[in-house]
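These notes concern the structure reproduced below.
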Amino acid sequence: MNKIVKYILIGLLVLGALWAAVFFIKSNSKSSITYETHKPFISNIEKKTVATGKVVPEDEVEIKPQISGIIEKIYMEEGSKVKAGDLIAVIKVVPNDQSLNQAQGRVSNARIALNNIKIEYNRNKALFDKGVISSQDFNNLQLQYDQAVQELKNAQADYQIIRVGSAGGSSSANTNIRATVDGTILEIPVEEGDQVIQSNNFNDGTTIATIADLGKMIFEGKVDEGEVGKLTVGTPLKISLGAVEDKELDARLRFIAPKGIEETGAVQFKIEGDVEINDSIFIRAGYSANASMILEKKDSVLVISEALLQFDKKTDKPYVEIALGSPEEQKFERRDVEIGISDGVNVEIISGLTEDDLVKQWNKTEPIKQGDEEEEGETEE
């Protein structure tokens, strides 16, 4: 009886060992990782680039004074809408003492000269009326008298200009700073009491205000030299503003700089685009913006996800792995492909694949198999 139990136990142990061996063999014969596969598909693909920059008014006009002095009163604020001729500020003239003294001296000299010629004129006029002197002599004296009168007027006018800023005694012509165009006041960089300098041939003068039409805006940005050659004037742009979320403005490229500027080791080219203003969005001058533009576009081409591509370490040529048989068999072979443009997600396949192929999705976190470790160890030895 004991022998029978003993044989039964031995048989059970043998069967258990055989089952464990079969399970181990089957489990090791299967791949430890199951790869997903994807088919190429037909789609449209666009290669885009993004230029960073800002949205600014097309024209900004700087209002400068015609005379030096001190800001007496400012009537407008930044952000105010103005029309041409609206009063922005008033300047109080502070005359130069030396110039004022010279002007006073000129007036005095002109008055003295006029009084002297007036006496001579009156005396000769009486003689002319009696027929004592000739008409030619009297006309010469008349001319001297008229010139003396005009000289006095000129001296007085210069004195008034130096003293109050206007020859007529009213300084409104030069001291009233008015808008020269319709628009919005972007900036008033001066305050009441500040000294200002007139604009002339030797000095730009002090800017009293900057005015621009916010209804005419342009995008100013820069693109890399590797992409500027693919741009053409008239290319559509999509403008996204950093300060306005979920809104895009249409624009059209109008200018590409003929000369690049080197910045941090890369050559950048300035571009400009006319922005179509949407009345529902208030655009402030200087908003940071990104302009998206299409460099190249292809319709109805064969594409795959760019994540499916692999690159040969030696030649850097792209390839994929194609499933042999059914995906469940997990058998793959390498196939070189020729790629075209990419939009950052999908890439065009020019040759090497068809729509029926199943492309292996490469798992970059795949663990190294034991056999691979042994092969690597042997290589090192």
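The values are calculated or read from the model by the stated rules, or taken from the named source; none is laboratory data. Fair warning: this is a prediction, and the values are worked out from it, not measured in the lab. Backbone-built Cβ (ideal geometry, glycine too); neighbour counts: all protein chains shown. The protein model used for the area step is the full one, side chains on, heavy atoms only, and it has no ligands, DNA or RNA in it. Shrake-Rupley method; radii C 1.70, N 1.55, O 1.52, S 1.80 Å.
Over the stretch 210-282, with every protein chain in place, what whole percent of the accessible area is carbon and sulfur at 1.4 Å, could you tell me? Carbon and sulfur atoms account for 47 percent of the accessible area of the stretch 210-282. Shown in residue order for the stretch 116-129 are the 3J(HN,Hα) couplings computed by the Karplus curve 6.51 cos²θ - 1.76 cosθ + 1.60 at θ = phi - 60°: 5, 6, 5, 4, 5, 5, 4, 5, 6, 5, 5, 5, 5, 5 Hz (x for Gly and Pro).
The label point for SER300 and the one for ARG284, both projected 7 Å from the Cα toward the Cβ, are 4.9 nm apart. Taking θ as phi - 60° and the Karplus parameters 6.51, -1.76 and 1.60, the scalar couplings of the stretch 43-59 work out to 7, 8, 9, 10, 9, 10, 9, 10, 9, 8, x, 8, 9, 10, x, 5, 10 Hz in sequence order, x denoting glycine and proline. Charge dipole of the stretch 222-332 (Cα centre as origin; +1 on each Lys and Arg Cβ, -1 on each Asp and Glu Cβ, all else neutral): 340 debye, rounded to the nearest 20. Beyond 27 Å between alpha-carbons counts as too far, so tell me which of LYS92/LYS118; LYS83/LYS216; LYS47/LYS317; LYS64/LYS259 fall in that bin. Exceeds cut-off: LYS92/LYS118; LYS64/LYS259. Surface analysis of the stretch 34-166 yields an accessible area of 63 Å² per residue, using protein heavy atoms and a 1.4 Å probe.
Each of LYS92 and SER326 was given a label point 7 Å from its Cα along the Cα-to-Cβ line. The distance between the two points is 9.8 nm. Residues of the stretch 39-70 falling in the label zone of THR180, defined by backbone nitrogen less than 13 Å from a point 7 Å along Cα to beta-carbon, are 60-67. Per residue, the stretch 249-310 exposes an accessible area of 56 Å² to a 1.4 Å probe, with every protein chain left in place. For LYS247, a cut-off of 15 angstrom between C-alpha atoms picks up these aspartates and glutamates, skipping any fewer than 8 places away in its own chain: GLU276, ASP279. Loop-located chymotrypsin sites (Phe, Trp or Tyr not before Pro) in the stretch 248-336 (DSSP state not H, G, I, E or B) with no more than 16 neighbouring Cβ atoms inside 10 Å: PHE282.
The slack in the chain from VAL149 to HIS38, taken as 0.36 nm per residue of separation less the alpha-carbon distance, amounts to 29.8 nm. Within the straight-line cut-off of under 13 Å between alpha carbons, the aspartates and glutamates reachable from LYS54 are GLU220, GLU272, ASP274, sequence neighbours fewer than 8 places apart in one chain being disregarded. Between ILE256 and ALA157, residue separation times 0.36 nm minus the direct Cα-Cα distance comes to 30.4 nm. In this structure, the amide hydrogen of ILE177, modeled 1.01 Å from its nitrogen in the peptide plane, lies closer than 5 angstrom to those of ILE88, ALA89, VAL90, ILE91, counting only residues at least 5 positions away or on a different chain.
Couplings for the stretch 268-278, taken from phi via the Karplus curve 6.51 cos²θ - 1.76 cosθ + 1.60 with θ = phi - 60°, read 10, 10, 6, 10, 9, x, 6, 9, 8, 7, 8 Hz in order; Gly and Pro are left as x.
Restriction of the GluC sites (Glu not before Pro) in the stretch 249-288 to DSSP coil positions whose beta-carbon has at most 16 other beta-carbons within 10 angstrom yields GLU276.
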